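The values are calculated or read from the model by the stated rules, or taken from the named source; none is laboratory data. Quantities reported herein were computed from a predicted structural model and do not represent experimental measurements. Positions of Cβ are backbone-derived with ideal geometry, glycine not excepted, and every protein chain shown enters the neighbour counts. These area figures cover heavy atoms from the full protein model, side chains too; ligands, DNA and RNA do not enter into them. Shrake-Rupley method; radii C 1.70, N 1.55, O 1.52, S 1.80 Å.
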Amino acid sequence: MTRFTHLDDSGHARMVDVTEKQPTVRAATVEGFVACPAHVVAALRDGTVPKGDVLAVARVAGIAAAKRTPELLPLAHVIGVHGVVVDLAVEDGGVRIVATVRTADRTGVEMEAFTAVSVAALNVVDMVKGMDKAVSVEGVRLIAKEGGKSGSWRREP
């Protein structure tokens, strides 16, 4: 019989108890992409998006989101988010977003990094959607993780 970590013996959702685990240094990096038509990319590059500095707003939104992950994912643990870097770069097809989250805690920060990228991407969409409805969020995925029981992992290129 399969045992699910987030279900109790009655099949009810539960938060895994990590009390006995020792805190360790952990990190996770996630990337995503907001695909934008050429005229939106041009406006992003020359700073003429009507709503203002898209990348600055998205960066701050991503950082704030990483710290609020347990409010959005009910089975995620409240952990110390000790470092968050959200980088955004305008590319020919849109905006690439990469977030790295670090902690010294009992559980990993993959969900915090996913949340940072996802919310940063949503902010890009929100700020440019008036210019073109064709923008889309694509390819949000884990790139690397460090620490914890499973150790290090890196996505193959």
Determine whether residue 136 is open to solvent by 20 Å² or more (accessible area, probe 1.4 Å), over 19 Å from residue 56 (Cβ atoms) and of a type outside the set (Asp, Glu). yes
Members of the range 32-56 that are closer than 30 Å to residue 74 by Cα and surrounded by 19 or more Cβ atoms within 10 Å (Cβ to Cβ): 32, 33, 34, 54, 55
Residue pairs within 6 Å by beta carbon, gap of at least six or interchain, first lying in the range 4-24 and in contact (Cβ under 8 Å) with a residue 40 or more places away in the chain, second open to solvent by 70 Å² or more (accessible area, probe 1.4 Å) and among the hydroxyl-bearing types (Ser, Thr, Tyr), listed first then second, are 16/5
What number of residues within the range 61-76 satisfy the criterion of being in contact with a strand residue (DSSP E or B) (Cβ under 8 Å, 6 or more places away or on another chain) and either open to solvent by 30 Å² or more (accessible area, probe 1.4 Å) or without any contact (Cβ under 8 Å) to a residue 12 or more places away in the chain (or both)? 4
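Residue under question is residue 157, and the condition is that it be more than 30 Å from residue 6 (Cβ to Cβ), open to solvent by 40 Å² or more (accessible area, probe 1.4 Å) and free of Cβ contacts under 8 Å to residues at least 12 places away in the same chain; does it hold? So that I can check it myself, show each step before the final result.
Details: more than 30 Å from residue 6 (Cβ to Cβ): yes; open to solvent by 40 Å² or more (accessible area, probe 1.4 Å): yes; free of Cβ contacts under 8 Å to residues at least 12 places away in the same chain: yes.
Answer is yes for this residue.
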